[in-house]
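Report on the structure given below.
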Amino acid sequence: MIFGFGKKNQEEDLDDEVELVLFQGTLSGVEVDIASHARLAEVGLLRAKEIVTDALERRAEMLRIEPKGEKGAMVQLYVDGIGYSGGRLIGKEGLAVTQVLKLVSGLDPKQRTKPQSGGIRAEFDDRKYILAIDTKPTKEGERLTMQLVDVKNAKYSPTELGFSSESVEKIRELTGEKGIVLAAGPPGTGVTSLAFAILRGIDAYVQATFALCDTGHRELGSVSKFERREEEELGTALQRLIRMEGDVAFVEPFDNEKTVRESFEKHEEITIVSEMKARDAASAVESLGKILKDPKLVAEAVNGVFGQKLIRVLCEKCKQPYRPNPKLIQKVGLPEEVQTLYRPPQPEPGEEIRPCRRCGGSGYLGRAAMIELIELTDDMKKVVAAGGDAAAIKTQARKEKMLTFREEGLKLVAEGRTSLEELQRVFRA
Ligand SMILES: [Zn+2]
């Protein structure tokens with residue numbers, strides 16, 4: 001930059017190098033009056049932009065500002081699901097940055113005792129981003145979580161997300177029949193994304209698909225939005241959609257008995273896709289039986305329950321082949337013909353290697369989903385209808401060779417898309 005020429009102080013140099021993120025308005029379209037919060041903007045805006053810029057440069061998908069009372073706040077970044085420090089905010093700085101981010105995403109900076117959700121449209125390095133923000137009061141203050149979504153490169157459909165062709169086919173098959181198809185898993189493992197991927201995996205040429213619930217910042221693709229009337233109950237909305245000859249309904253999470261019941265009542269007339277918190281897919285089937293106090297109905301109405309685990313994929317630019325011990329291949333259950341596996345670059349002791357520019361030196365770039373599926377086949381229906389628990393359901397699934405995490409993970413290792421170490425890490429977690 002010409003204006004920087006001849007000036008040697010450090011701050012000017014920094015200005016020359018680092019272009020900061022641009023905030024271009026709120027997601028909700030609400031106008032933000034920065035002028036009337038001039039003091040707050042002065043204290044926190046630059047720092048907030050620096051933090052978000054750092055997160056975008058490091059490819060983070062999530063950023064969290066965690067208040068630590070008197071000591072300020074900690075910034076945590078998540079890159080492909082792994083947490084890294086994003087630095088510390090001293091004293092009141094944490095509060096100022098949180099407040100400013102709330103302000104520019106159209107939230108009320110003064111409201112600090114209730115959770116709020118909003119977002120910012122942003123641009124950085126010629127790319128458009130959506131920064132979806134959630135705030136939540138904690139004992140120490142207020143926690144801010146930001147999801148950073150690269151608008152053009154965001155992945156929503158199963159193929160984009162790296163699902164195996166077998167899982168993509170299963171999604172089509174199970175959503176092609178009337179009944180209930182669920183995504184299930186522990187909180188924080190991408191259950192909502194999985195449910196949405198199932199929805200996006202539906203054959204749009206055959207099925208008319210509608211979202212009856214909030215889908216947040218996600219790109220709907222061929223899915224249509226179905227406007228619920230004010231305070232319209234799920235059952236009534238489903239009835240209206242059935243009359244309109246809709247084929248598939250994406251409904252709110254199965255987190256209460258009413259939603260579950262109203263969905264199950266319509267299982268013969270429409271395909272219903274939703275999500276549910278559970279330890280895994282088999283446990284979800286078991287707890288549906290308990291919620292409805294009718295395992296026979298579960299056996300009759302559910303087509304299948306999907307679960308997912310995310311695993312980092314190796315960076316194609318710097319991954320390195322090696323020949324593993326044949327005994328190890330056998331021990332972990334890889335096919336015998338596999339002779340070469342891949343892993344991140346391994347420096348010799350004392351050797352310094354220059355970090356790969358593509359992945360930043362971690363050896364991994366992006367993630368793929370491993371899928372498990374409990375399919376309600378005729379034999380599985382018998383197990384479920386008889387009130388079988390999660391263990392019995394799993395045993396039956398293994399017997400019928402349904403998709404499992406382990407099998408999907410080993411496939412990724414055999415194909416050289418991920419490493420054995422990464423697979424072990426995911427299963428330990
Ligand atoms: Zn790399």
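Kindly provide the set of residues from the stretch 93-120 that are touching a residue at least 60 places away in the same chain (Cβ under 8 Å) and more than 18 Å from A41 (Cβ to Cβ), ordered by number.
Passing the criteria: only G119.
What number of residues in the stretch 290-324 are aromatic (F, W, Y) and surrounded by 17 or more Cβ atoms within 10 Å (Cβ to Cβ)?
Qualifying residue count for the region: 1.
Note down all Cβ pairs under 6 Å where the first residue falls in the stretch 310-321 and is closer than 9 Å to S419 by Cβ and touching a residue at least 60 places away in the same chain (Cβ under 8 Å), the second is away from the ligand (no atom under 12 Å from the Cβ) and open to solvent by 30 Å² or more (accessible area, probe 1.4 Å), and they're at least six residues apart or on different chains.
Filtered contacts from the stretch 310-321: R312/R367.
Every residue in the stretch 306-318 that is away from the ligand (no atom under 16 Å from the Cβ) and of a type in the set (A, V, I, L, M, F, W, C), please.
Result: F306, L310, I311.
Considering P345, P321, which residue is within 16 Å of the ligand (Cβ to nearest atom) and in a loop (DSSP other than H, G, I, E, B)?
None of the other options fit; the residue is P345.
Here's the yes/no breakdown for (1) open to solvent by 70 Å² or more (accessible area, probe 1.4 Å); (2) at pLDDT 95 or above:
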site	(1), (2)
Q76	no, yes
L89	no, no
K92	yes, no
P115	yes, no
E123	no, yes
R127	yes, no
G141	no, no
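Being under 26 Å from G81 (Cα atoms) and either among the hydroxyl-bearing types (S, T, Y) or open to solvent by less than 10 Å² (accessible area, probe 1.4 Å) (or both): is that true of A211 here?
So A211 does not fit the description; no.
Would you mind stating whether P326 is farther than 30 Å from T377 by Cβ, without any contact (Cβ under 8 Å) to a residue 40 or more places away in the chain and within 16 Å of the ligand (Cβ to nearest atom)?
Against the criterion (farther than 30 Å from T377 by Cβ, without any contact (Cβ under 8 Å) to a residue 40 or more places away in the chain and within 16 Å of the ligand (Cβ to nearest atom)), P326 does not qualify.
Take the stretch 356-379 and flag every residue that is near the ligand (Cβ under 8 Å from one of its atoms) and open to solvent by 30 Å² or more (accessible area, probe 1.4 Å).
R357, R358, G360, G361, S362, L365
Conditions (1) in a strand (DSSP E or B); (2) more than 16 Å from the ligand (Cβ to nearest atom); (3) over 25 Å from the mean Cα position of the chain (by Cα), marked per residue:
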position	(1), (2), (3)
N303	yes, yes, no
K331	no, yes, yes
R354	no, no, yes
K381	no, yes, yes
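Select from the stretch 333-342 the residues that are in a loop (DSSP other than H, G, I, E, B) and open to solvent by less than 60 Å² (accessible area, probe 1.4 Å) and list them in ascending order.
G333, L334, P335, V338, T340
Among (1) over 30 Å from E245 (Cβ atoms); (2) more than 16 Å from the ligand (Cβ to nearest atom), where does E269 come up short?
(1)
Taking the stretch 390-407 as the region of interest, how many residues are more than 18 Å from S283 (Cβ to Cβ) and open to solvent by less than 10 Å² (accessible area, probe 1.4 Å)?
0
Out of the stretch 43-65, which residues are open to solvent by 60 Å² or more (accessible area, probe 1.4 Å) and either in contact with a Phe, Trp or Tyr (Cβ under 7 Å, 6 or more places away or on another chain) or at pLDDT 90 or above (or both)?
Passing the criteria: L46, R47, E50, E57, R58, R59, R64.
The values are calculated or read from the model by the stated rules, or taken from the named source; none is laboratory data. Note that this is a predicted model, so its numbers are computed, not measured. Note that each Cβ is placed from the backbone with ideal geometry, even for glycine, and that neighbours are counted across all protein chains shown. To get the accessible areas, we keep the full protein, side chains included, count just its heavy atoms, and leave off ligands, DNA and RNA. Shrake-Rupley method; radii C 1.70, N 1.55, O 1.52, S 1.80 Å.
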